[in-house]
Amino acid sequence: MLDRAGLAGFLRRRRESLQPEDVGLPRGQRRRTTGLRREEVAALCHLSADYYSRLERERGPHPSEQMIASLAQGLHLSLDERDHLFRLAGHNPPTRGTISEHIGPGLLRIFDRLTDTPAEIVTELGETLRQTPLGIALTGDAGGYTGPARSIGYRWFTDPAVRTRYHPEDHVLHSRVFVSGLRKLVTLRGPGSRATHLRDLLLAGNEEFRGFWNEHEIGVHYDGVKRYVHPEVGALEVTCQTLLDPGQSHMLLVYTAVPGSESHEKLRLLSVLGPQQLMPENT
(Lines give C-alpha, C1' and ligand atoms only; values in the text may rest on other atoms or scores of the structure.)
Protein backbone atom coordinates (compact mmCIF):
# COMPACT_ATOMS: atom_id res chain seq x y z
CA MET A 1 0.00 0.00 0.00
CA LEU A 2 1.27 3.45 -0.92
CA ASP A 3 2.25 5.51 2.12
CA ARG A 4 2.02 9.01 0.66
CA ALA A 5 3.01 10.83 3.84
CA GLY A 6 5.93 8.51 4.53
CA LEU A 7 7.10 8.70 0.92
CA ALA A 8 6.89 12.50 0.86
CA GLY A 9 8.74 12.85 4.14
CA PHE A 10 11.49 10.44 3.17
CA LEU A 11 12.05 12.10 -0.21
CA ARG A 12 12.14 15.55 1.35
CA ARG A 13 14.62 14.49 4.03
CA ARG A 14 16.94 12.80 1.55
CA ARG A 15 16.81 15.80 -0.80
CA GLU A 16 17.64 18.20 2.02
CA SER A 17 20.56 16.05 3.19
CA LEU A 18 22.33 16.16 -0.19
CA GLN A 19 24.57 19.01 -1.32
CA PRO A 20 25.16 19.84 -5.01
CA GLU A 21 28.76 18.68 -4.85
CA ASP A 22 27.56 15.30 -3.50
CA VAL A 23 25.90 14.55 -6.84
CA GLY A 24 28.30 16.28 -9.22
CA LEU A 25 26.40 19.57 -9.55
CA PRO A 26 27.88 23.07 -9.24
CA ARG A 27 26.85 24.93 -6.10
CA GLY A 28 26.35 28.26 -7.83
CA GLN A 29 25.62 31.55 -6.09
CA ARG A 30 22.77 32.71 -3.88
CA ARG A 31 21.77 29.19 -2.88
CA ARG A 32 19.23 29.43 -0.09
CA THR A 33 17.70 25.96 -0.33
CA THR A 34 18.72 23.45 2.31
CA GLY A 35 20.26 20.66 0.25
CA LEU A 36 19.18 20.18 -3.33
CA ARG A 37 16.37 21.99 -5.10
CA ARG A 38 13.37 19.98 -6.25
CA GLU A 39 14.15 20.69 -9.89
CA GLU A 40 17.71 19.43 -9.39
CA VAL A 41 16.46 16.16 -7.95
CA ALA A 42 13.96 15.83 -10.77
CA ALA A 43 16.73 16.27 -13.36
CA LEU A 44 18.95 13.73 -11.60
CA CYS A 45 16.08 11.23 -11.57
CA HIS A 46 14.95 11.94 -15.15
CA LEU A 47 11.51 13.12 -13.96
CA SER A 48 9.60 16.32 -14.52
CA ALA A 49 9.94 18.90 -11.77
CA ASP A 50 6.15 19.04 -11.45
CA TYR A 51 5.87 15.27 -10.98
CA TYR A 52 8.56 15.23 -8.30
CA SER A 53 7.05 18.23 -6.48
CA ARG A 54 3.69 16.48 -6.32
CA LEU A 55 5.30 13.45 -4.68
CA GLU A 56 6.75 15.65 -1.94
CA ARG A 57 3.31 17.24 -1.49
CA GLU A 58 1.61 13.84 -1.11
CA ARG A 59 -0.16 14.20 -4.44
CA GLY A 60 -0.07 12.77 -7.93
CA PRO A 61 -0.39 9.24 -9.35
CA HIS A 62 0.98 6.09 -7.76
CA PRO A 63 4.67 6.04 -8.80
CA SER A 64 5.74 3.00 -10.80
CA GLU A 65 8.62 0.72 -9.89
CA GLN A 66 10.66 2.32 -12.66
CA MET A 67 10.01 5.78 -11.20
CA ILE A 68 11.03 4.64 -7.73
CA ALA A 69 14.21 3.03 -9.09
CA SER A 70 15.09 6.34 -10.79
CA LEU A 71 14.45 8.23 -7.56
CA ALA A 72 16.60 5.81 -5.56
CA GLN A 73 19.50 6.17 -7.99
CA GLY A 74 19.21 9.93 -8.39
CA LEU A 75 19.12 10.47 -4.64
CA HIS A 76 22.19 8.25 -4.16
CA LEU A 77 20.36 5.90 -1.79
CA SER A 78 21.99 2.93 -0.13
CA LEU A 79 20.42 -0.48 -0.72
CA ASP A 80 18.59 -0.33 2.62
CA GLU A 81 17.28 3.14 1.78
CA ARG A 82 16.29 1.99 -1.71
CA ASP A 83 14.34 -0.95 -0.32
CA HIS A 84 12.60 1.33 2.19
CA LEU A 85 11.62 3.71 -0.61
CA PHE A 86 10.11 0.87 -2.63
CA ARG A 87 8.04 -0.27 0.35
CA LEU A 88 6.82 3.26 1.04
CA ALA A 89 5.64 3.37 -2.57
CA GLY A 90 3.79 0.07 -2.18
CA HIS A 91 6.22 -2.05 -4.21
CA ASN A 92 8.40 -5.02 -3.38
CA PRO A 93 12.10 -4.08 -3.46
CA PRO A 94 14.18 -5.40 -6.38
CA THR A 95 16.49 -8.32 -5.94
CA ARG A 96 19.85 -7.51 -4.40
CA GLY A 97 23.20 -8.88 -5.48
CA THR A 98 24.96 -9.27 -8.78
CA ILE A 99 21.87 -8.83 -10.98
CA SER A 100 20.97 -5.51 -9.34
CA GLU A 101 21.65 -2.38 -11.38
CA HIS A 102 21.34 0.01 -8.44
CA ILE A 103 24.73 1.71 -8.13
CA GLY A 104 25.97 2.15 -4.57
CA PRO A 105 26.26 5.75 -3.32
CA GLY A 106 29.98 5.43 -2.60
CA LEU A 107 30.76 4.45 -6.17
CA LEU A 108 28.49 7.20 -7.47
CA ARG A 109 30.20 9.85 -5.34
CA ILE A 110 33.53 8.97 -6.91
CA PHE A 111 32.05 8.79 -10.40
CA ASP A 112 30.36 12.19 -10.07
CA ARG A 113 33.74 13.82 -9.43
CA LEU A 114 35.34 12.45 -12.60
CA THR A 115 34.02 15.24 -14.79
CA ASP A 116 37.22 15.60 -16.85
CA THR A 117 38.12 11.91 -17.10
CA PRO A 118 36.92 9.03 -19.28
CA ALA A 119 35.13 6.68 -16.90
CA GLU A 120 32.22 4.27 -16.77
CA ILE A 121 30.41 2.01 -14.32
CA VAL A 122 29.70 -1.49 -15.64
CA THR A 123 28.18 -4.72 -14.39
CA GLU A 124 30.12 -7.96 -14.19
CA LEU A 125 28.76 -8.80 -17.67
CA GLY A 126 30.15 -5.57 -19.12
CA GLU A 127 26.80 -3.77 -19.26
CA THR A 128 27.35 -0.01 -19.04
CA LEU A 129 25.31 1.71 -16.33
CA ARG A 130 26.93 5.17 -16.38
CA GLN A 131 29.49 7.00 -18.53
CA THR A 132 31.14 10.36 -18.11
CA PRO A 133 30.92 12.69 -21.14
CA LEU A 134 34.59 12.07 -21.91
CA GLY A 135 33.97 8.35 -21.53
CA ILE A 136 31.31 8.58 -24.24
CA ALA A 137 33.70 10.62 -26.39
CA LEU A 138 36.37 7.94 -26.05
CA THR A 139 34.41 4.69 -26.43
CA GLY A 140 31.00 5.78 -27.76
CA ASP A 141 27.61 5.84 -26.08
CA ALA A 142 26.99 2.37 -24.66
CA GLY A 143 23.89 3.24 -22.66
CA GLY A 144 21.25 2.71 -25.32
CA TYR A 145 21.47 -1.04 -25.88
CA THR A 146 18.83 -3.52 -24.78
CA GLY A 147 18.76 -7.26 -24.21
CA PRO A 148 21.94 -9.33 -24.60
CA ALA A 149 23.55 -6.54 -26.66
CA ARG A 150 23.97 -4.53 -23.45
CA SER A 151 27.01 -6.73 -22.75
CA ILE A 152 30.19 -5.57 -24.49
CA GLY A 153 31.30 -9.22 -24.67
CA TYR A 154 28.16 -10.19 -26.54
CA ARG A 155 28.48 -7.23 -28.91
CA TRP A 156 32.13 -8.09 -29.53
CA PHE A 157 31.11 -11.35 -31.19
CA THR A 158 27.88 -10.22 -32.85
CA ASP A 159 28.49 -6.66 -34.06
CA PRO A 160 31.60 -6.16 -36.25
CA ALA A 161 31.39 -2.38 -35.84
CA VAL A 162 32.40 -2.70 -32.18
CA ARG A 163 35.90 -3.81 -33.08
CA THR A 164 36.69 -0.75 -35.19
CA ARG A 165 37.46 1.25 -32.03
CA TYR A 166 40.14 -1.19 -30.88
CA HIS A 167 43.64 -1.75 -32.26
CA PRO A 168 43.54 -4.70 -34.70
CA GLU A 169 46.55 -6.35 -33.06
CA ASP A 170 44.58 -6.60 -29.80
CA HIS A 171 41.41 -8.20 -31.17
CA VAL A 172 42.43 -11.74 -30.28
CA LEU A 173 43.32 -10.69 -26.75
CA HIS A 174 39.94 -8.97 -26.33
CA SER A 175 38.20 -12.14 -27.51
CA ARG A 176 40.17 -14.28 -25.06
CA VAL A 177 39.49 -11.90 -22.17
CA PHE A 178 35.74 -11.79 -22.85
CA VAL A 179 35.42 -15.56 -23.20
CA SER A 180 37.60 -16.27 -20.17
CA GLY A 181 35.61 -13.81 -18.06
CA LEU A 182 32.29 -15.27 -19.16
CA ARG A 183 33.51 -18.79 -18.39
CA LYS A 184 34.35 -17.69 -14.85
CA LEU A 185 30.90 -16.13 -14.40
CA VAL A 186 29.08 -19.17 -15.77
CA THR A 187 30.85 -21.34 -13.22
CA LEU A 188 30.34 -18.81 -10.42
CA ARG A 189 26.66 -17.98 -11.07
CA GLY A 190 25.54 -21.38 -12.32
CA PRO A 191 22.63 -22.63 -14.44
CA GLY A 192 19.81 -20.16 -14.98
CA SER A 193 22.08 -17.14 -14.61
CA ARG A 194 22.34 -14.33 -17.13
CA ALA A 195 25.95 -15.34 -17.75
CA THR A 196 24.83 -18.85 -18.74
CA HIS A 197 22.14 -17.38 -20.98
CA LEU A 198 24.72 -15.24 -22.81
CA ARG A 199 27.03 -18.25 -23.13
CA ASP A 200 24.24 -20.35 -24.65
CA LEU A 201 23.24 -17.63 -27.11
CA LEU A 202 26.80 -17.20 -28.34
CA LEU A 203 27.51 -20.93 -28.54
CA ALA A 204 24.40 -21.40 -30.65
CA GLY A 205 24.97 -18.49 -32.98
CA ASN A 206 28.65 -17.64 -33.27
CA GLU A 207 31.35 -19.94 -34.60
CA GLU A 208 34.20 -17.69 -33.53
CA PHE A 209 32.96 -17.67 -29.95
CA ARG A 210 32.66 -21.47 -30.00
CA GLY A 211 36.28 -21.73 -31.06
CA PHE A 212 37.52 -19.62 -28.16
CA TRP A 213 35.14 -21.32 -25.72
CA ASN A 214 36.53 -24.74 -26.62
CA GLU A 215 40.01 -23.59 -25.58
CA HIS A 216 38.80 -23.66 -21.93
CA GLU A 217 40.96 -20.67 -20.98
CA ILE A 218 40.46 -19.03 -17.61
CA GLY A 219 42.08 -16.02 -15.95
CA VAL A 220 43.03 -14.13 -19.12
CA HIS A 221 43.51 -10.43 -18.32
CA TYR A 222 44.68 -7.18 -19.87
CA ASP A 223 48.06 -5.77 -18.87
CA GLY A 224 46.40 -2.50 -17.80
CA VAL A 225 46.84 -0.72 -21.14
CA LYS A 226 44.14 -0.51 -23.80
CA ARG A 227 44.76 0.71 -27.33
CA TYR A 228 41.97 2.49 -29.18
CA VAL A 229 41.61 3.64 -32.79
CA HIS A 230 39.41 6.68 -32.47
CA PRO A 231 37.50 7.97 -35.54
CA GLU A 232 38.38 11.60 -34.75
CA VAL A 233 41.82 11.62 -33.10
CA GLY A 234 43.33 8.33 -34.27
CA ALA A 235 45.33 5.82 -32.24
CA LEU A 236 45.81 6.32 -28.50
CA GLU A 237 46.80 4.29 -25.46
CA VAL A 238 45.16 4.57 -22.05
CA THR A 239 45.63 2.86 -18.74
CA CYS A 240 42.49 1.37 -17.22
CA GLN A 241 42.15 1.38 -13.43
CA THR A 242 39.31 -0.61 -11.87
CA LEU A 243 37.46 -0.04 -8.60
CA LEU A 244 35.15 -2.91 -7.58
CA ASP A 245 32.01 -2.73 -5.47
CA PRO A 246 32.02 -6.33 -4.20
CA GLY A 247 28.44 -6.24 -2.93
CA GLN A 248 27.00 -5.43 -6.35
CA SER A 249 29.86 -6.68 -8.55
CA HIS A 250 29.83 -3.29 -10.25
CA MET A 251 33.10 -1.90 -11.54
CA LEU A 252 34.19 1.70 -11.96
CA LEU A 253 36.61 1.86 -14.91
CA VAL A 254 38.78 4.96 -15.14
CA TYR A 255 40.90 5.62 -18.25
CA THR A 256 43.99 7.82 -18.08
CA ALA A 257 46.98 8.56 -20.32
CA VAL A 258 50.58 9.30 -19.36
CA PRO A 259 50.94 13.09 -18.86
CA GLY A 260 52.79 14.71 -21.73
CA SER A 261 52.24 11.78 -24.07
CA GLU A 262 50.56 12.00 -27.44
CA SER A 263 47.62 10.04 -26.06
CA HIS A 264 47.27 12.54 -23.22
CA GLU A 265 47.01 15.37 -25.72
CA LYS A 266 44.44 13.43 -27.72
CA LEU A 267 42.30 12.96 -24.60
CA ARG A 268 42.45 16.71 -24.06
CA LEU A 269 41.31 17.21 -27.64
CA LEU A 270 38.44 14.77 -27.08
CA SER A 271 37.33 16.79 -24.07
CA VAL A 272 36.91 19.73 -26.47
CA LEU A 273 35.22 17.72 -29.22
CA GLY A 274 32.83 16.16 -26.74
CA PRO A 275 30.58 13.14 -27.21
CA GLN A 276 28.11 14.72 -29.62
CA GLN A 277 30.08 13.76 -32.74
CA LEU A 278 30.27 10.14 -31.64
CA MET A 279 26.75 9.37 -30.43
CA PRO A 280 25.70 7.37 -33.54
CA GLU A 281 28.56 4.90 -33.08
CA ASN A 282 28.37 2.46 -30.19
CA THR A 283 31.11 0.28 -28.79
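The values are calculated or read from the model by the stated rules, or taken from the named source; none is laboratory data. Values in this document were obtained by computation on a predicted structure and should not be read as measured data. Counting neighbours? That spans all protein chains shown, and the Cβs are built from the backbone with ideal geometry, glycine included.
Looking only at the stretch 216-229, filter to residues that are in contact with a helix residue (DSSP H, G or I) (Cβ under 8 Å, 6 or more places away or on another chain) and without any contact (Cβ under 8 Å) to a residue 40 or more places away in the chain; which one of those is farthest from Leu253 (Cα to Cα)?
Result: His216.
Name the strands (runs of 3 or more DSSP E) wholly inside the stretch 164-263 in which the number of residues that are more than 24 Å from the chain's Cα centre (by Cα) is 1 or more.
Values: elements: 225-230, 234-245, 250-256.
In the stretch 164-263, 234-245 are the strands (runs of 3 or more DSSP E) which contain 1 or more residues that are more than 24 Å from the chain's Cα centre (by Cα).
For the stretch 58-77, name all the residues that are small (Gly, Ala, Ser) and part of a helix (DSSP H, G or I). First the steps, then the outcome.
First, pick out the residues of the stretch 58-77 that are small (Gly, Ala, Ser): 60, 64, 69-70, 72, 74.
Across the stretch 58-77, the qualifying residues are Ala69, Ser70, Ala72, Gly74.
Looking at Leu55 and the list (1) in a helix (DSSP H, G or I); (2) within 22 Å of Thr239 (Cα to Cα); (3) not charged (D, E, K, R), which single condition is not satisfied?
If we test Leu55 against (1) in a helix (DSSP H, G or I); (2) within 22 Å of Thr239 (Cα to Cα); (3) not charged (D, E, K, R), just (2) comes out false.
In the stretch 180-187, is there at least one residue being basic (Lys, Arg), in the same structural domain as Arg109 (by TED's automatic domain parsing), under 22 Å from Thr128 (Cα atoms) and in contact (Cβ under 8 Å) with a residue 40 or more places away in the chain?
The answer is no, given that none of the residues of the stretch 180-187 is basic (Lys, Arg), in the same structural domain as Arg109 (by TED's automatic domain parsing), under 22 Å from Thr128 (Cα atoms) and in contact (Cβ under 8 Å) with a residue 40 or more places away in the chain.
Which of the helices (runs of 4 or more DSSP H) found entirely inside the stretch 81-159 contain at least 2 residues meeting this: touching a Phe, Trp or Tyr at 6+ places or on another chain (Cβ under 6 Å), free of Cβ contacts under 8 Å to residues at least 60 places away in the same chain and buried (at least 18 other Cβ atoms within 10 Å of the Cβ)? Steps first, please.
Details: elements: 105-112, 133-139, 152-158.
The qualifying helices (runs of 4 or more DSSP H) are 152-158.
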